[in-house]
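In what follows, a single structure is set out as structure tokens and then discussed.
The values are calculated or read from the model by the stated rules, or taken from the named source; none is laboratory data. Because the structure is a prediction, the values reported are computed rather than measured. Cβ coordinates were reconstructed from backbone atoms using ideal geometry, including for glycine residues, and neighbour counts include every protein chain displayed.
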Amino acid sequence: MDPARDTFKTLSPEQLRRIRDDIRATKINVLLVGGTGVGKSSTINALFENDGLEATAKIGQSAKPETMDISHHEMGNLIIWDTPGLGDSPEKDRKHQNEIISLLQKKDDKGQPLIDLIFLILDAGSRDFSSAFTLIKDIILPNLHHADRDRLLIGLNQADQAMKGHYWDRVNNRPEDNLIERLEELVKTVKDRIKADTDLNVEPIYYSAGCVMDGEVLSHPYNLQKLLSFIMDRLPKKKRAAIASHINEDEKNFEINDDKENYREKVEKSIFSSLLGYIKEVSLEVFQQVKEIATDPDNIKTALTLAARFLGNIARKK
């Protein structure tokens, strides 16, 4: 007898359809911020399935970058808002900053902030983050309600190039001790500067989105499962199950991490907790049963597996 499986089976086909439709109708809006070459496109492609993106509308790319404004790319209910890099000229910077402010101030049809996550991507190999610090202090945080400030995520991409490719274990696809020390110092520098500027506590994450050119994998991602867990932590709870169906099915992308925590389990539990909210809306009885079952270590793994399978089916039946 499997309590978790049996309880899920008590949901009627109509209830399952309602859950499916509610999840599909829940939109997730992510604002991507970062300069040219920081790896915005590679990050999104590594994290999420991107079949919904038009080939001519790649994130971070434009045929006419000098005229590029904020663009948005829809992958079903996942919407990526891509901002152009700053630094071209004071006039263009002001224009782009005003567009970011306008987007941050927008509300959805329920009166909640349209943007669910602000994902600022920096180049781990850079030595100058002054423009990013200014953007956070003067543009992003002043236009977020205090309760929404935890929706800011700062990622240091291209961790493998933080010391120009040195001290990177290419065989095991992870940083060696010297590079880890450098990356941890970088995280602390960014964290301390933002705290000093804004009194905001942030936890930047270093990672590598990997590199794919002309369909050939030149390097695999690193710390992507940890990055995904950080994303889940910062999204509104209801949105976590909704974004789950977009997670890239290539498990190799998520294999190698710093292993400080079990990030896969964190992600699964976050998604499961979000899915419970949808179940509660269609059946309080089943919600209470599943919630109780999930407190038992012997049943939680089955419950997480069933939740993942259900959300996977949603993704395949778009």
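Of all residues in the stretch 161-172, those being in contact with a Leu (Cβ under 8 Å, 6 or more places away or on another chain) and within 20 Å of Thr36 (Cα to Cα) number 2. Hey, among Asp93, Asp82, Asp69, Asp88, which residue is charged (D, E, K, R), closer than 21 Å to Ile243 by Cα and either modelled with pLDDT of 60 or more or crowded, with 16+ Cβ neighbours inside 10 Å (or both)? Asp82 is the lone residue from the list that is charged (D, E, K, R), closer than 21 Å to Ile243 by Cα and either modelled with pLDDT of 60 or more or crowded, with 16+ Cβ neighbours inside 10 Å (or both).
On the stretch given as the stretch 273-291, residues that are surrounded by 18 or more Cβ atoms within 10 Å (Cβ to Cβ) and either among the acidic types (Asp, Glu) or under 17 Å from the mean Cα position of the chain (by Cα) (or both) total 1.
Restricting attention to the stretch 195-217, which residues are among the aliphatic types (A, V, I, L, M), under 15 Å from Asp250 (Cβ atoms) and surrounded by fewer than 24 Cβ atoms within 10 Å (Cβ to Cβ)?
Looking only at the stretch 195-217, we keep the residues that are among the aliphatic types (A, V, I, L, M), and these are 196, 200, 202, 205, 209, 212-213, 217.
Subset that is under 15 Å from Asp250 (Cβ atoms): 209, 212, 217.
Within the stretch 195-217, Val212, Val217 qualify.
Taken residue by residue, the stretch 134-143 has no member that is touching a residue at least 40 places away in the same chain (Cβ under 8 Å), touching a Leu at 6+ places or on another chain (Cβ under 9 Å) and part of a loop (DSSP other than H, G, I, E, B). The residues of the stretch 163-219 that are part of a loop (DSSP other than H, G, I, E, B) and of a type in the set (Lys, Arg), listed by number, are Lys164, Arg170. Reported count of residues in the stretch 245-287, each being assigned to a helix (DSSP H, G or I), out of contact with any Asp or Glu (no Cβ under 9 Å at 6 or more places or on another chain) and of a type outside the set (S, T, N, Q), is 19.
For the stretch 1-57, which residues satisfy the criterion of being basic (Lys, Arg), outside any loop (DSSP other than H, G, I, E, B) and at pLDDT 90 or above?
To start, the set of residues in the stretch 1-57 that are basic (Lys, Arg) comprises 5, 9, 17-18, 20, 24, 27, 40.
Next, only the ones that are outside any loop (DSSP other than H, G, I, E, B) stay: 5, 9, 17-18, 20, 24, 40.
If the condition is that a residue be basic (Lys, Arg), outside any loop (DSSP other than H, G, I, E, B) and at pLDDT 90 or above, then Arg17, Arg18, Arg20, Arg24, Lys40 are the ones that fit.
The single condition from (1) under 25 Å from His145 (Cβ atoms); (2) touching a residue at least 12 places away in the same chain (Cβ under 8 Å) that Asp199 fails is (2). Determine whether the stretch 144-162 contains at least one residue that is at pLDDT 95 or above, polar (S, T, N, Q) and part of a loop (DSSP other than H, G, I, E, B). For the stretch 144-162, residues at pLDDT 95 or above, polar (S, T, N, Q) and part of a loop (DSSP other than H, G, I, E, B): present.
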